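See structure below.
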Amino acid sequence: MQLPLQIVHLGDRRVDRTEKTRDISSGGVCFLSPTAFETGGRIEYLITLSGSTPPVRIRCLGKVLRSQRPSDAVGAEAQHAWEVAVTMERYQFVRADELQPLAVSV
């Protein structure tokens, strides 16, 4: 399932990057990225559920499980050369106007 995924923190560094999910489950998410991520690093990200008005977002905290080159990337996916898998250790549903920092105790 491809959903918009916005990365807001990597470790203690604030970032603003948007990717698309490749796979998602209750335990985590996999997405393609043009850059590698540090395995074991902390990550905070937002997933936007498509088809909802107003948009429903899930704010997630987790860690990077793997960052590797996908063996099956072709076409547009080949531009995003890294497959990144991250956990979903804590999460909360938020509306776009309610984005507040999530307590970082993962």
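The values are calculated or read from the model by the stated rules, or taken from the named source; none is laboratory data. It should be emphasised that the depicted structure is a prediction, and the values quoted were computed from it without experimental measurement. To get the accessible areas, we keep the full protein, side chains included, count just its heavy atoms, and leave off ligands, DNA and RNA. Shrake-Rupley method; radii C 1.70, N 1.55, O 1.52, S 1.80 Å.
With all protein chains in place and ligands, DNA and RNA left out, the 1.4 Å accessible area ranks SER71, SER52 as SER71, SER52, largest first. Within the accessible surface of the range 1-72, defined with a 1.4 Å probe on protein heavy atoms only, the carbon and sulfur portion equals 50 percent. Residues whose amide H falls under 5 Å from that of HIS9, counting only those 5 or more places apart or on a different chain, are VAL15, GLU44, with hydrogens built in the peptide plane. Rolling a 1.4 Å probe across the protein heavy atoms gives the range 1-67 an accessible surface of 52 Å² per residue. For ARG66, the residues whose amide H sits under 5 Å from its own are ALA85, ignoring neighbours fewer than 5 places away on the same chain, with H placed 1.01 Å from N.
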